[in-house]
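Let me begin by presenting the structure, written as structure tokens, before commenting on it.
The values are calculated or read from the model by the stated rules, or taken from the named source; none is laboratory data. Keep in mind that this is a model prediction, so the values were computed, not measured. Cβ placement follows ideal geometry from the backbone for every residue including glycine, while neighbour counts extend to all protein chains displayed.
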Amino acid sequence: MSTTTWEPRVALSAAEAQVDFVSHNEHIVQRRASLEAYALTAARRLALVAEDIDGYIPPVMIERLAKRLEQGLVQTMNFGYREARREIAELREGRTVSAAVRVPRDAGEYAEYALEGREGVRRLIRRRSREASLLVAAAVVEAGLTPGLDADERLVVLQKAATRALHNNVLELVGETLNMGRTAGALSLGVPPEFALRSEQLDKTTCDPCSRLHGEIAVVGSPEYFALLPPSGCLGGGRCRGIVVFGDGPVDFRQLDDIAA
């Protein structure tokens, strides 16, 4: 665990007390920065190619960017997977749990990915990395339509568009991958936890929707669960640092002060 100090935004529940929020915050911040830096050269090459051949970006260049994003996101998946399993084990210490989670058939494709464990989340990462790369390429092509630019100005505009689009997509990919890793970790247990709470403890200046979503509970693997999964609903999009936290029943989501009383 990190030795950096951290104060919860609101009182912790019993399930949240098992979460190493400092390490989660450090991971999110560091992975966003390192992933963006790792993929930046590939993103800017899209701008160079688009400027050279009048807005056309070869698919191989887009795939190269996607591969970089995919490679960088695996660490986030593994971190979320390990941490969720550790937290649940600590929460259940001295407790016998026998309830079984049954993920409904209508839970959607994200549930299918999570049920396949890390390999399933890897497939999702691959898909989402390609989608993000296509969005970066589209932003470059759109920027190239700006009228009245000479060659030097055009290249600057294209590279700024690539950098901005990459940044915004990396923010969202890291948060999404972290929570899908956590989900896969929880579902990988012999007896998965039945419930999950959306926790917004990391954002001191959280938006109004996230403030309202903090503490919302859903059955793990249900359609409502995946609709609740951060960063959904956040006005800041990928800037959201919300996570899902797991428990076996209502007592796990009561605030610690209430349990002590």
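For segment 206-216, does any single residue satisfy the condition of being free of Cβ contacts under 8 Å to residues at least 40 places away in the same chain, of a type in the set (Val, Ile, Thr) and out of contact with any Lys or Arg (no Cβ under 6 Å at 6 or more places or on another chain)? So far as segment 206-216 goes, no, none of its residues is free of Cβ contacts under 8 Å to residues at least 40 places away in the same chain, of a type in the set (Val, Ile, Thr) and out of contact with any Lys or Arg (no Cβ under 6 Å at 6 or more places or on another chain). Here the helices (runs of 4 or more DSSP H) wholly within segment 114-223 that include at least 1 residues being crowded, with 17+ Cβ neighbours inside 10 Å and within 14 Å of the chain's Cα centre (by Cα) are 117-143, 151-187. Which of the residues spanning segment 195-218 are of a type in the set (A, V, I, L, M) and either closer than 16 Å to GLU176 by Cα or touching a Phe, Trp or Tyr at 6+ places or on another chain (Cβ under 6 Å) (or both)? ALA196, LEU197, LEU202, ILE217, ALA218 - these are the residues of segment 195-218 that are of a type in the set (A, V, I, L, M) and either closer than 16 Å to GLU176 by Cα or touching a Phe, Trp or Tyr at 6+ places or on another chain (Cβ under 6 Å) (or both).
Residues being at pLDDT 95 or above, surrounded by fewer than 17 Cβ atoms within 10 Å (Cβ to Cβ) and closer than 28 Å to ARG85 by Cβ are represented in segment 36-55 by at least one member.
Among the residues of this structure, ALA89 counts as one that is free of Cβ contacts under 8 Å to residues at least 40 places away in the same chain and over 24 Å from GLU224 (Cα atoms).
Scanning segment 23-73 for residues that are in contact (Cβ under 8 Å) with a residue 40 or more places away in the chain, aliphatic (A, V, I, L, M) and outside any helix (DSSP H, G or I) yields a single hit, ILE57. Name every residue in segment 224-261 that is farther than 17 Å from GLU176 by Cβ, within 18 Å of the chain's Cα centre (by Cα) and surrounded by fewer than 18 Cβ atoms within 10 Å (Cβ to Cβ), in order of residue number. The one that is farther than 17 Å from GLU176 by Cβ, within 18 Å of the chain's Cα centre (by Cα) and surrounded by fewer than 18 Cβ atoms within 10 Å (Cβ to Cβ): GLU224. With the requirement that a residue be part of a helix (DSSP H, G or I) and either touching a residue at least 24 places away in the same chain (Cβ under 8 Å) or closer than 20 Å to SER211 by Cβ (or both), what does segment 7-22 give you? Answer for segment 7-22, where residues must be part of a helix (DSSP H, G or I) and either touching a residue at least 24 places away in the same chain (Cβ under 8 Å) or closer than 20 Å to SER211 by Cβ (or both): GLU16, ALA17, GLN18, PHE21. Could you list, in sequence order, all residues of segment 20-35 that are out of contact with any Ser or Thr (no Cβ under 9 Å at 6 or more places or on another chain) and either surrounded by 15 or more Cβ atoms within 10 Å (Cβ to Cβ) or under 15 Å from ASN169 (Cα atoms) (or both)? Passing the criteria: HIS24, VAL29, ARG32, ALA33, SER34.
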